[in-house]
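Note sheet for the following structure.
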Amino acid sequence: MDQARAEEFAGRLFELYTGGLLTSLIDIGFRTGLFEAAAQGPTTSAGLAERAGLDERYVREWLGALTTGGIIEYDGSGRTYTLPPEHAASLTGAGGANLATSSQIVVLLAEQVDGVTRAFREGGGVPYERFQPRFTSVMDGLGRGTYDEFLIEAWLPLAGDLTAHLARGIRVADVGCGTGHCVNLMARAYPASTFAGYDLSAGAIDRARAEAAELGLTNATFEVLDVAALPPVPAFDAVFAIDAIHDQAAPATVLRRVYEALAPGGVFFMVDINASSDLESNMDNPLAPMLYAISTLHCMTVSLASGGAGLGTVWGRELAERMLAEAGFLDTSVHDAPGDPLDLVYVTYKPDEPR
């Protein structure tokens, strides 16, 4: 055995464990507004606690972890703490650049380790309902800033003349719509079109309806539905699926249902994970460890829990394109998702003539 290599690996493990614990504290900082308060300028622990309206003792210990962890800087002469602007850029704000939101998924999935461990031994999985109701809020927080910045201006134009059709007025569906924010953004931008959002979570649909009402939208509707039962009539001119297909118990059935629900010549706009279906091709992908871990703790297990296919998060581009073709779609183009390194945008079509 190479002793130096063994010691190096042990050090790597402690780095991983430290990162996991710091992630929990980043989540606390995000939830409590500590990062936004710290971004206002240098201050003491008491000053930061006052800004955020929190208990000073907890804030001081939190600061101890984040300063020694290299996230916040400390000036011992004045006992002041500073969040550098270069760090604040990734920890504050409402846009997609705020990576503090991603800490939530780590903390949420850690709660399911017992159930996933049991599934390793017994098979099956952890059902989707076990992740609720917090999963809905976490997923909304992860995507909302990116959708606000890029959906209308950068993603939709990837589908050629789709924006012109939306402006003229067409029927659109979003399968696995979550809290419906994408539907509501499009409904507001394209009032001549009508939009329907479908999701398995009643809580998510309630939030979607509430946001639509708050925005005064009359062209967006939402329904609780397992999208494997998406009705074929009346037909839609465009269907969206944003990070939804790989979680499905019956993804091939869902893709075929989408195909059947589209009018001839209709467009399917699918956003899904930017990875290969082949492990060897993912070895140099710095996001791959995170993606496989998320799959193990959520995406794969929720599918297997209901006897599903268990595609997992990293089903990959090759399998995605093959399954789209098997469902009947033609002329699939694949694009990097602007502002979202985790995803690819697939644009594909139902033929004008029956196949």
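Accessible area per residue for the range 176-299 is 40 Å², calculated with a 1.4 Å probe on protein heavy atoms, without ligands, DNA or RNA.
Only helical runs count toward this figure. For the chain, summing -39,500 (n - 2.57) over DSSP H runs of n ≥ 4 and dividing by all residues gives -13500 deg cm²/dmol at 222 nm. Residues of the range 74-114 with the amide nitrogen closer than 13 Å to a label point 7 Å from the Cα of ARG31, along Cα-to-Cβ, please. Inside the label zone: 103-111. Rounded to the nearest 0.05, what FRET efficiency do GLU214 and ASP75 give with R0 = 56 Å and r taken as the Cβ-Cβ distance? Could you check? For GLU214 and ASP75, the calculated efficiency is 0.80.
The stretch between SER306 and ARG130 holds 62.1 nm of extra length on full extension. This uses 0.36 nm per residue minus the Cα-Cα distance. Rounded to the nearest 5, what % of the DSSP beta bridges within the chain are antiparallel ones? Percentage antiparallel, nearest 5: 45.
Computed about the Cα centre, the dipole magnitude for the chain is approximately 640 debye when only Lys and Arg (+1) and Asp and Glu (-1) carry charge, each at its Cβ.
Length gained on full extension, ALA167 to SER137, computed as 0.36 nm times the residue gap minus the Cα-Cα distance: 7.7 nm. If only the Cβ of Lys and Arg carry +1 and only the Cβ of Asp and Glu carry -1, the dipole of the range 1-91 around its Cα centre is close to 180 debye.
Assuming R0 = 56 Å, can you tell me the calculated FRET efficiency for the pair ALA252 and ARG60, based on Cβ-Cβ distance, to the nearest 0.05?
0.55
Between GLY76, GLY123, GLY176, the Gaussian network model of the chain with springs among Cα atoms under 10 angstrom shows the greatest mean-square fluctuation at GLY76. Between the entries (1) 34, 22, 20; (2) 39, 26, 18; (3) 30, 26, 19, the label attached to semi-axes √(5λ) of the Cα gyration tensor in Å calculated for this structure is (2).
This model, with +1 at the C-beta of Lys and Arg and -1 at the C-beta of Asp and Glu, gives the range 229-355 a dipole about its Cα centre of some 420 debye.
The label point for VAL113 and the one for SER24, both projected 7 Å from the Cα toward the Cβ, are 0.9 nm apart. Per-residue Karplus couplings for the range 193-207, computed as 6.51 cos²θ - 1.76 cosθ + 1.60 with θ equal to phi - 60°, are listed in order as 9, 10, 10, 10, x, 10, 7, 6, 8, 5, x, 5, 5, 4, 5 Hz, Gly and Pro entered as x.
For the pair MET1 and ALA229 in one chain, pulling the backbone fully straight at 0.36 nm per residue adds 76.5 nm over the alpha carbon distance. Annotation: for a label point projected 7 angstrom from Cα along Cα→Cβ of ASP284, residues of the range 303-319 with backbone N closer than 18 Å are 317-318.
The values are calculated or read from the model by the stated rules, or taken from the named source; none is laboratory data. Fair warning: this is a prediction, and the values are worked out from it, not measured in the lab. Cβ coordinates were reconstructed from backbone atoms using ideal geometry, including for glycine residues, and neighbour counts include every protein chain displayed. Ligands, DNA and RNA are stripped out before the accessible areas are found, and what is left, the full protein with its side chains, is counted by its heavy atoms. Shrake-Rupley method; radii C 1.70, N 1.55, O 1.52, S 1.80 Å.
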